[in-house]
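Heads up: the structure comes next, in structure tokens.
The values are calculated or read from the model by the stated rules, or taken from the named source; none is laboratory data. Computed from a prediction, not measured in an experiment: that's the story for all the values here. Heads up, the Cβs are rebuilt from the backbone with ideal geometry, glycines too, and the neighbour counts pull from every protein chain shown.
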Amino acid sequence: MQPFNCIIVGGGLGGLTLSIQLAKQGFGVALFEKETYPFHKVCGEYIAMESWNFLKSCGLNLDELELPKINQLKVSAPNGNFLTHQLSPGGFGISRYKIDYLLLNEAKKCGVHVFENCKVNDVIKQDSLFTVFTNNGNFSSNLVIGSYGKRSNLDIKFKRKFIQNKAKGLTNYIGVKYHLKANIPANNIELHNFKDGYCGISKIEDDKYCLCYLTTAQNLKNNNGDIKEMEKNVLQKNPFLNDYLNNFESLYTEPLVISQVNFSNKTQNENDVIMLGDAAGLITPLCGNGMSMAMNAAKILSELIPQFLTNKITLDKLIYLYTYKWKSTFGTRLWAGRKIQSLFGNEFTTNLLISSLKPFPFLINNLVSLTHGNSF
């Protein structure tokens, strides 16, 4: 097989949208995904409006999907005190199950070679060519993009620094997700705090709601590793979550769970493999903007990679330009996300913070604007 121009490891929003943009420019692209589409992911399913035009450029007719438009934020403290705030321009709701599958079909239409149920075990560069080792054979490429999500066996293989660090602070969280039948306003995204965590809920397609929460691994350990016991003893101390978890109908037999979620700083390049999306840097879910960041980074790469593949710039120059643009575009968001997250979690400080912010909507607006960007 002739080498691909670009191999993308991981078929999330960043990987899929990048593959479409490159294939539209005539490059040979392969995308490897360890799962089989469509599938669910532990993810809050609110996407900021800044991504709307880019998704349309990838072939999605979003207007026809009649997705819920979300422009109202509600935040509660563990004691039940809450504030509301208008979001402008806000966002829209769609499940990863649906949007990933729609983008997959667009990628195939554009000529992307998609390998599903294909796990990448290693990537090795020799001279100017990469070899990608998978459970379905070995493939070669001029360039490899790592777009594989929050944590991967490749992170361990590459001995990435954030993997080597001892689990503590922002490095040891779990995420839990449900789809529900719920009774809250369709234009609301709600964020409900509890001890050492927070829970978001918002509407997606087909009158369903996504409820997803993040908490410390210690919280789960303190409750005998039992999700339901933890929800009863910790989450349901918040009166809103007590109501929702008791009265809203779950559409899952069991919730989806992911462990070892890590918000430490990451690099945008490892062994000349360029990182994209969560593999490059993970914003706290509290800020609700990780999916937009992944697609924005894909757009940046889709403008830089062709220069490398047509020999206008070297690989070193590509990595330098991408790292610079990535940090200048997302550095403030990630910093603000970590700072905002540090304000929540502790029951006393969260209760105090909500009470203090409530009379000052301009401060809330400033916090929201720090974690969102312009249309791209």
Worksheet item: Taking the stretch 193-206 as the region of interest, how many residues are at pLDDT 95 or above and either farther than 22 Å from Leu282 by Cβ or hydroxyl-bearing (Ser, Thr, Tyr) (or both)?
Response: 3
Worksheet item: Would you say Pro38 is surrounded by fewer than 17 Cβ atoms within 10 Å (Cβ to Cβ), touching a helix residue (DSSP H, G or I) at 6+ places or on another chain (Cβ under 8 Å) and assigned to a strand (DSSP E or B)?
Response: no
Discussion item. For the stretch 203-239, give me the residue count where each residue is within 19 Å of Ile189 (Cβ to Cβ) and surrounded by fewer than 21 Cβ atoms within 10 Å (Cβ to Cβ).
Written reply: 5
Worksheet entry | Number of the exception - Leu13 against (1) crowded, with 16+ Cβ neighbours inside 10 Å; (2) farther than 18 Å from Glu116 by Cα | (2)
Practice prompt. Would you please name the residue that is nearest to the chain's Cα centre (by Cα), looking only at residues in the stretch 323-372 that are touching a residue at least 40 places away in the same chain (Cβ under 8 Å) and surrounded by fewer than 15 Cβ atoms within 10 Å (Cβ to Cβ)?
Written response: Lys327
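Which strands (runs of 3 or more DSSP E) does the stretch 54-139 wholly contain that include 2 or more residues that are farther than 30 Å from Ile201 by Cα? Break it down stepwise before answering.
On the way: elements: 69-76, 82-93, 113-115, 120-126, 129-134.
Here the list reads 113-115, 120-126, 129-134.
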Worksheet, complete the sentence: Restricting the stretch 240-271 to residues that are over 23 Å from the mean Cα position of the chain (by Cα) and charged (D, E, K, R), the one surrounded by the fewest Cβ atoms within 10 Å (Cβ to Cβ) turns out to be Glu249
Worksheet item: Which condition number in (1) in a strand (DSSP E or B); (2) in contact (Cβ under 8 Å) with a residue 40 or more places away in the chain; (3) in contact with a Leu (Cβ under 9 Å, 6 or more places away or on another chain) is the one that Lys150 fails?
Response: (1)
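Look through Arg338, Arg333 and report the one residue that is modelled with pLDDT of 80 or more and under 30 Å from Leu304 (Cα atoms). Don't jump to the end; show me each part of the working.
On the way: Arg338 fails: modelled with pLDDT of 80 or more.
That would be Arg333, the only listed residue that is modelled with pLDDT of 80 or more and under 30 Å from Leu304 (Cα atoms).
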Worksheet item: From Lys109, Lys157, which residue is surrounded by 15 or more Cβ atoms within 10 Å (Cβ to Cβ), free of Cβ contacts under 8 Å to residues at least 60 places away in the same chain, out of contact with any Phe, Trp or Tyr (no Cβ under 6 Å at 6 or more places or on another chain) and not small (Gly, Ala, Ser)?
Response: Lys157
Worksheet item: Under the condition of being among the aromatic types (Phe, Trp, Tyr) and closer than 24 Å to Cys43 by Cβ, which residue from the stretch 107-157 is farthest from the chain's Cα centre (by Cα)?
Response: Phe115
Worksheet item: Can you pull out the residues in the stretch 162-192 that are modelled with pLDDT of 85 or more, under 22 Å from the mean Cα position of the chain (by Cα) and basic (Lys, Arg)?
Response: Lys177
Worksheet entry | Within the stretch 16-35, tally of residues that are buried (at least 19 other Cβ atoms within 10 Å of the Cβ) and either in contact with an Asp or Glu (Cβ under 8 Å, 6 or more places away or on another chain) or of a type in the set (Val, Ile, Thr) (or both) | 5
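Show me the helices (runs of 4 or more DSSP H) found entirely inside the stretch 280-369 where at least 3 residues are of a type in the set (Gly, Ala, Ser) and under 28 Å from Val42 (Cα atoms). Write out each step before concluding.
Numbers: elements: 290-309, 315-343, 347-357.
Filter on the stretch 280-369 gives 290-309, 315-343.
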